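J.: Sharing a structure below in structure tokens format, with a few things to ask.
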Amino acid sequence: MLPEDSVDYVTAALRRVVADTAVAVIVDGVPHNGPASPLRSDLMGAISAVTTSLWPGVSTVPMMVMGATDGLYLRAAGIPTYGVQGFFYDRDDIRFHGRDERLKVQSFYEGQAFLYELVKRLTETPRA
């Protein structure tokens, strides 16, 4: 579900797409949602600057990741939440959350450098 989607909208869309009366679409539990986090130019600027410094020519593109994180609950409480990773995956060998989930060693270290530089940039004290 997207942050602004209602449960009724999503279940109706699933029923329409499946189009089989033998299939029941049941909502198990109470879904939590919250507003989408605003796209902030200061954050995007910092992310783009660090991306460009480590990987010249790589574009910074905002996206919404499928699945849920703790950000779901933070956004519902009114706390804007963002996820940034800085890892590159082999597009022919993506194994998210499997028993054999993996990341190339070089990507791991590059991702750590990216996050370190981003946190430094976001927490530096402006000069007077």
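J.: Mind checking whether some residue in region 36-47 is exposed (fewer than 10 other Cβ atoms within 10 Å of the Cβ), under 17 Å from the mean Cα position of the chain (by Cα), under 30 Å from Asp8 (Cα atoms) and touching a residue at least 24 places away in the same chain (Cβ under 8 Å)?
T.: yes
J.: Which one of Thr51, Thr81 is under 13 Å from the mean Cα position of the chain (by Cα), in contact (Cβ under 8 Å) with a residue 12 or more places away in the chain and surrounded by 11 or more Cβ atoms within 10 Å (Cβ to Cβ)?
T.: None of the others qualify; the one that does is Thr81.
J.: Could you tell me which of the residues Glu117, Glu110, Glu124 is over 28 Å from Leu2 (Cα atoms) and touching a Ser or Thr at 6+ places or on another chain (Cβ under 8 Å)? If you could, list the steps in order and put the result at the bottom.
T.: Values: Glu110 fails: touching a Ser or Thr at 6+ places or on another chain (Cβ under 8 Å); Glu124 fails: touching a Ser or Thr at 6+ places or on another chain (Cβ under 8 Å).
On inspection, the qualifying residue turns out to be Glu117.
J.: Mind listing just one residue for me: the one in region 1-40 that is in a loop (DSSP other than H, G, I, E, B), among the β-branched types (Val, Ile, Thr) and within 28 Å of Tyr82 (Cα to Cα) and, of those, modelled with the lowest pLDDT? It would help to see each step written out before you state the result.
T.: Within region 1-40, the first condition is being in a loop (DSSP other than H, G, I, E, B), and the residues that meet it are 1-6, 19-40.
Next, from what is left, pick out any that are among the β-branched types (Val, Ile, Thr): 21, 23, 25-27, 30.
Still in the list and also within 28 Å of Tyr82 (Cα to Cα): 27, 30.
On the way: Val27: 89, Val30: 79.
Among those that are in a loop (DSSP other than H, G, I, E, B), among the β-branched types (Val, Ile, Thr) and within 28 Å of Tyr82 (Cα to Cα), it is Val30.
J.: Let me ask you something else. Specify the residue that is surrounded by the fewest Cβ atoms within 10 Å (Cβ to Cβ); the eligible residues are those in region 54-75 that are at pLDDT 80 or above and among the hydroxyl-bearing types (Ser, Thr, Tyr).
T.: Only one residue tops the list, namely Ser59.
J.: Here's something else I'd like to know. Can you work out which of the residues in region 80-113 that are touching a Gly at 6+ places or on another chain (Cβ under 6 Å), of a type outside the set (S, T, N, Q) and part of a loop (DSSP other than H, G, I, E, B) is farthest from Val50 (Cα to Cα)?
T.: Checked region 80-113; the qualifying residue farthest from Val50 (Cα to Cα) is Phe87.
J.: Checking the conditions here, which among Gly86, Gly57, Gly71 is more than 26 Å from Glu4 (Cα to Cα) and under 15 Å from the mean Cα position of the chain (by Cα)?
T.: The match here is Gly86.
J.: Among residues belonging to region 84-121 that are hydroxyl-bearing (Ser, Thr, Tyr) and touching a residue at least 12 places away in the same chain (Cβ under 8 Å), point out the one that is farthest from Met64 (Cα to Cα).
T.: Ser107
The values are calculated or read from the model by the stated rules, or taken from the named source; none is laboratory data. Here the structure is a predicted model, which means the values were calculated and not measured. In this analysis, Cβ positions are derived from the backbone assuming ideal geometry, glycine residues included, and neighbour counts consider all displayed protein chains.
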